[in-house]
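Working notes, beginning with the structure itself.
Derivation of every value follows stated rules applied to the coordinates shown; laboratory data play no part. As the structure is a prediction and not an experimental result, all values here were calculated from the model. A quick note on method: Cβ atoms are made from the backbone with ideal geometry, for glycine too, and the neighbour counts reach across all protein chains shown.
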Amino acid sequence: MTDPREAAARYLAAQQQDQNADGDEESGTPPGIAAAVDRAAFIETAIQVAIRRGEFDDLPGAGKPLEGLGTHHDPDWWIRRKIETENLTGLGPPAILLRTEDQELNDQLDLLGRESDVRDVLDDFNRRVREARRQLQGGPPVVTEPRDVDVEVAAWAERRAARPIAPPVEQQRRRRFGIRRRG
């Protein structure tokens, strides 16, 4: 079932398109402008019809301010909220990504078991810091410093030595399930 107003808007748009196809050279209107105007008129008519039908009534959040805007104007508020709600990572300018990675790097290094792996991760981090400093893509400046690999490896080894030694897997299993040793 078609709404009569919608049908009338389509008929009017078709009539105007036929007239513009015949007389574009005479009217001086650039080609495509009339189609854009017709499309805008059709969309506006469809919106008005939907409003009259009540399709926009009782929408969630109607009449309430948008959450997360704060008191200052941030044109990127919506993308920041999307990143937070979707828990997206790896998005943003290199300066911010490297700063965040730098803060979490020690924890990541502590998960590694071999010195060569720690050196590889640090070399990769330093390479990306140097590349980001060379890029002139705009955005915030890269203030993250490359890390001294030898100093970081020594700090990693100290943190590793200070950690309590985990009991063997069999002892952990016995404790967890309350199994006693047969003797």
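Across segment 89-162, Cα pairs under 8 Å and at least six residues apart give a relative contact order of 43 percent. For segment 41-133, a Kirkwood radius taken over Cα pairs fed into Stokes-Einstein (37 °C, viscosity 0.692 mPa s) yields D = 181 µm²/s.
In plain terms, the C-alpha convex hull of segment 89-162 casts an average shadow of 5.0 nm² when viewed from every direction. When each of the peptides 95-101, 84-90, 146-152 is scored by the mean number of other C-beta atoms lying within 10 Å of its residues, the order from highest to lowest reads 95-101, 146-152, 84-90.
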